[in-house]
Amino acid sequence: GLGDDAELVGGLGYDTVAFDISETAVRTARSRYPDSAVDYVTSDLLDPPTAWTQAYDLVVESQTVQSLPPDAHLAAIDSVGRFVAPGGLLVVVALGEVEPFDGPPWPLTRSEIDAFAAGGLSAARVEDLPHPENPGLRRWRAEFRR
C-alpha cells in the first residue's frame, strides 16, 4: 500500500517492515514518508523471503488478502500466518461478507477469516463490525496468536 498502516505500527515503537508487490507503491510510500524508519521493500506475498518465516512479533494484515482474486485468498492467508513469531500476534482487518460484491477488493468470508487460525495460530478474537465509513458494509477485525 501507500504506507499509512506501516507508519502507524512504526509510530507505536515497532521496528517495521512493510512490503508491496508493486515497486510503484513502495516508491510512493517512501516518498510520502521520506524520514521514516519503516523499511519499505518490494516483495510478493505469495513468494516472500524465507527469512520472514516466524520472524515478526506483530503482523498486521490490513486489506491485502482481499485485494487478491478469491482463488488466491487461502494461499495468501497461509503466507501471512507464517510471518508470526512464536508468542506473536497477527491482527487482521478486512472488508466483511457482502452479497453481491464485485471486487476488487473481494470481501473475506467467515471461513477465510477462520483459516488464519492454522499452522500454530489460534484465534484470540474475531469481530464482525459495521464498516466505519459505510453502514451498509461489514468489517472483520480479528486477532490470532502463535
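Here is a list of conditions, (1) surrounded by 13 or more Cβ atoms within 10 Å (Cβ to Cβ); (2) closer than 22 Å to ILE113 by Cβ; (3) of a type outside the set (Phe, Trp, Tyr); (4) in contact with a helix residue (DSSP H, G or I) (Cβ under 7 Å, 6 or more places away or on another chain), and LEU46 meets all of them except one; can you say which number that is?
Among (1) surrounded by 13 or more Cβ atoms within 10 Å (Cβ to Cβ); (2) closer than 22 Å to ILE113 by Cβ; (3) of a type outside the set (Phe, Trp, Tyr); (4) in contact with a helix residue (DSSP H, G or I) (Cβ under 7 Å, 6 or more places away or on another chain), LEU46 violates only (1).
So the check is Cβ under 8 Å with 6+ separation or different chains; which pairs have a first residue in the range 42-55 that's at positive phi and a second one that's open to solvent by less than 80 Å² (accessible area, probe 1.4 Å) and not polar (S, T, N, Q)?
Every condition considered, the pairs that remain are GLN54/PHE83; GLN54/VAL84; GLN54/ALA85; GLN54/GLY88; GLN54/ARG146.
For LEU95, indicate whether it is touching a residue at least 40 places away in the same chain (Cβ under 8 Å), in contact with a Gly (Cβ under 7 Å, 6 or more places away or on another chain) and either open to solvent by less than 60 Å² (accessible area, probe 1.4 Å) or of a type in the set (Asp, Glu) (or both). Working first, answer last.
Numbers: touching a residue at least 40 places away in the same chain (Cβ under 8 Å): yes; in contact with a Gly (Cβ under 7 Å, 6 or more places away or on another chain): no; either open to solvent by less than 60 Å² (accessible area, probe 1.4 Å) or of a type in the set (Asp, Glu) (or both): yes.
Against the criterion (touching a residue at least 40 places away in the same chain (Cβ under 8 Å), in contact with a Gly (Cβ under 7 Å, 6 or more places away or on another chain) and either open to solvent by less than 60 Å² (accessible area, probe 1.4 Å) or of a type in the set (Asp, Glu) (or both)), LEU95 does not qualify.
Scan ARG146, ARG82 and give me the residue that is under 13 Å from the mean Cα position of the chain (by Cα), among the charged types (D, E, K, R) and surrounded by 16 or more Cβ atoms within 10 Å (Cβ to Cβ). Talk me through it step by step, then tell me what you get.
Values: ARG146 fails: under 13 Å from the mean Cα position of the chain (by Cα).
When all the criteria are applied, what remains is ARG82.
Could you check the range 110-120 and list, in sequence order, the residues that are part of a loop (DSSP other than H, G, I, E, B) and within 15 Å of the chain's Cα centre (by Cα)?
Within the range 110-120, the first condition is being part of a loop (DSSP other than H, G, I, E, B), and the residues that meet it are 115-120.
Hits for the range 110-120 are ALA115, PHE116, ALA117.
The values are calculated or read from the model by the stated rules, or taken from the named source; none is laboratory data. Every value quoted in this text rests on a predicted model; they were computed, and no experiment measured them. Reconstructed Cβ throughout: ideal geometry from the backbone, glycine too, with neighbour counts over all protein chains shown. To get the accessible areas, we keep the full protein, side chains included, count just its heavy atoms, and leave off ligands, DNA and RNA. Shrake-Rupley method; radii C 1.70, N 1.55, O 1.52, S 1.80 Å.
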